[in-house]
Amino acid sequence: MDIPLLYPPVEEQTAIAAYLEQATADSDAAIDNARRQVEFMTEYLAGLIARVVTGKLDVWAAAEQSGLESS
C-alpha cells in the first residue's frame, strides 16, 4: 500500500518552525521560571528541615516571632 504524503516546501516548513518557536517562547520561559522556583523551594525546605533536626532552629520561637503561634 503506497500512500503518498504531501509535504510543504522547505521554506514553508522553516517558516512554520520559526513561528512555533516564537509563539511558544513565553510559555517556555514561564515553565523554566516555575522549575527554578520549585528547585529553590525544595532546597530551602531541605535546609529548613536540617536546621530543625539539628537543633539550630527552634520551631516554637520562630513561630512566636512570626506571629504564627498555635492556639
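The values are calculated or read from the model by the stated rules, or taken from the named source; none is laboratory data. Owing to the predicted nature of the structure, the values given are computational and were not obtained by experimental measurement. We place every Cβ from the backbone using ideal geometry, glycine too, and count neighbours over all the protein chains shown.
For the reader, a short list of remarks on this structure follows.
- Of the residues in region 2-18, not one is surrounded by 10 or more Cβ atoms within 10 Å (Cβ to Cβ), in contact with a helix residue (DSSP H, G or I) (Cβ under 9 Å, 6 or more places away or on another chain) and in a helix (DSSP H, G or I).
- Hey, Q22 part of a helix (DSSP H, G or I), among the polar types (S, T, N, Q) and surrounded by fewer than 10 Cβ atoms within 10 Å (Cβ to Cβ) or not: yes
- Verdict on A29 being at pLDDT 95 or above, more than 15 Å from the chain's Cα centre (by Cα) and of a type in the set (G, A, S): no
- Residue within region 1-15 that is aromatic (F, W, Y) and farther than 30 Å from L57 by Cα present: yes
- Condition check for G47: loosely packed, with under 10 Cβ neighbours inside 10 Å and of a type outside the set (A, V, I, L, M): no
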